[in-house]
Amino acid sequence: MGVLEGKVAAITGAGRGIGREMAIMFAHEGAKVVVNDLGGATDGSGTDGIADDVAAEIIAHGGEAIAHREDIATVAGGESLLATACEHFGGLDILVNNAGILRDRTLFNMEEQDWDAVIRVHLKGHYCCSRPFARYIREQGRNHCRIINFSSVSGLFGNFGQSNYGAAKAGIAGFSRVLALELGKYGCTVNTISPAALTRMTIPLRERRGETVSEQDLIDSGPHHIAPVATWLASEAAGHISSQIFHVANGLVGIMQQPAIIASFQHERAWTLEELDEYMPKLLQAKKEHDRETAEAGKPVMIKAGWGSQN
């Protein structure tokens with residue numbers, strides 16, 4: 001029996017890349033899957049039937065799945081996603097907000113439609129799918145559900161030429177923290193994955209830098225590395241974990257630091273500029289020391305495959 005046996009999952013952007021890998025693994029582990037994807041290009045334009053292809057592949061291997069081709073960046077699309085799960089599979093237990101597009105430009109050249117399109121699909125898309133699911137959880141008493149959201153190092157660390165994408169992904173991290181608080185009383189966990197994988201969205205970024213992507217690169221850093229972590233977070237084993245951000249990439253899984261005050265000074269009155277001249281450098285020095293300690297603590301501990309022990 002798989003770890004998701006008897007569960008119903010809806011995965012957005014599941015026609016290709018990370019979403020497809022998650023849909024297939026979820027189904028392999030026993031979940032009934034709603035495969036959502038408009039099938040557009042990486043900039044969000046166009047549509048095709050890739051959601052149907054993934055659903056057919058799951059069914060051909062003995063699983064249960066149905067395609068959903070609605071735009072999840074609309075309230076109607078998010079409600080339709082939930083309705084599809086309920087009508088075909090009797091409910092919904094797991095929501096994975098994965099759909100996304102790219103329109104990379106520096107702020108100097110970014111047009112309003114480039115900003116709006118990326119914020120719409122990523123950040124609004126998370127809202128449009130999560131709101132009806134949250135209401136369903138509360139109204140139906142569907143406890144112990146799972147929401148898995150997708151952020152990015154572009155928003156958590158920053159990345160040149162991606163102010164729209166970075167703003168959306170940072171917003172998703174904040175959205176997830178609040179949603180975890182609001183849904184905690186129903187036993188619903190809300191966690192965030194920050195993935196790094198070679199997909200049709202990221203391969204062109206390498207190629208524009210003059211790098212080539214080999215078949216071995218796809219094996220070492222492909223989207224199949226993300227699916228096991230998402231599957232585990234959707235399982236009963238992760239029922240005690242919520243409001244966390246996990247960085248996942250080519251065999252690496254790590255937990256990320258959340259916003260926190262590193263150092264502070266308290267004055268009994270408003271600060272003068274002269275006093276800030278003295279104390280601001282002390283705060284910055286504390287930040288540098290904290291960053292060094294965090295970088296050292298965050299270095300991966302290598303695990304030998306199949307050994308279950310540290311090297």
Worksheet entry | Cysteines in the chain lacking a second Cys C-beta under 4.7 Å | Cys86, Cys128, Cys129
Practice prompt. Mind checking which lysines have their Cα closer than 24 Å to the Cα of Lys288? Skip sequence neighbours fewer than 8 apart in that chain.
Written response: Lys299
Worksheet item: For the chain, what is the relative contact order in percent, using Cα pairs closer than 8 Å and at least 6 residues apart in sequence?
Response: 15 percent
Discussion item. Can you give me the long-range amide H partners of Gly222? Hydrogens built in the peptide plane at 1.01 Å from N, cutoff under 5 Å, separation of 5 or more residues or another chain.
Written reply: Leu198
Discussion item. Applying a 10 Å radius around every beta-carbon, put 172-179, 26-33, 252-259 in order of their mean neighbour count, most first.
Written reply: 26-33, 172-179, 252-259
Practice prompt. Provide the packing ranking of 50-62, 114-126, i.e. peptides ordered by the mean count of other C-beta atoms within 10 Å per residue, highest first.
Written response: 114-126, 50-62
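If neighbour count is taken as other Cβ atoms inside 10 Å, put Tyr127, Tyr136, Tyr186, Tyr165 in order from fewest to most.
Values: Tyr127 17, Tyr136 20, Tyr186 14, Tyr165 24.
Ascending Cβ contact count within 10 Å gives the list Tyr186, Tyr127, Tyr136, Tyr165.
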Discussion item. As a footprinting exposure proxy, order Leu283, Leu4 by other Cβ within 10 Å, with the fewest listed first.
Written reply: Leu283, Leu4
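Sort 13-23, 229-239, 65-75 by the packing proxy (mean of other Cβ within 10 Å over each peptide's residues), most packed first. It would help to have the intermediate numbers written out before the result.
On the way: 13-23: 27.0, 229-239: 19.2, 65-75: 21.2.
The most tightly packed comes first, giving 13-23, 65-75, 229-239.
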Item to complete: Scan around Val33 for amide H atoms under 5 Å from its own, H built in the peptide plane at 1.01 Å from N, and keep only partners 5 or more places away or cross-chain.
Response: Ala9, Glu64, Ala65, Ile66
Worksheet item: In the chain, which helices (entire DSSP H runs) extend 24 Å or more along their own long axis, judged by Cα positions, while averaging at least 0.0 on the Kyte-Doolittle scale?
Response: 163-183
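Net charge near Ser264: determine it from the other residues with C-beta under 12 Å of the C-beta of Ser264, scoring Lys and Arg +1 and Asp and Glu -1.
Numbers: positive: Lys282, Lys287; negative: none.
Computed value for this residue: +2.
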Item to complete: Hey, can you grab everything whose amide H is under 5 Å from the amide H of Ile193? Only 5+ residues off in sequence or another chain; H modelled, so Pro and N-termini drop out.
Response: Asn149, Phe150, Ser151, Phe246
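Could you work out [θ]222 nm for the chain from helices alone, using -39500 (n - 2.57) per DSSP H run of at least four and dividing by all its residues? Round to the nearest 500 deg cm²/dmol.
Values: 11 runs with 133 residues, N = 311.
Theoretical 222 nm ellipticity from helices: -13500 deg cm²/dmol.
Readers should treat all values here as calculations from the given coordinates under stated rules, not as data from a laboratory. What you see is a predicted model; the values in this text were computed from it and never measured. Methodologically, a virtual Cβ is constructed for each residue, glycine included, from the backbone with ideal geometry; neighbour enumeration extends over all protein chains shown.
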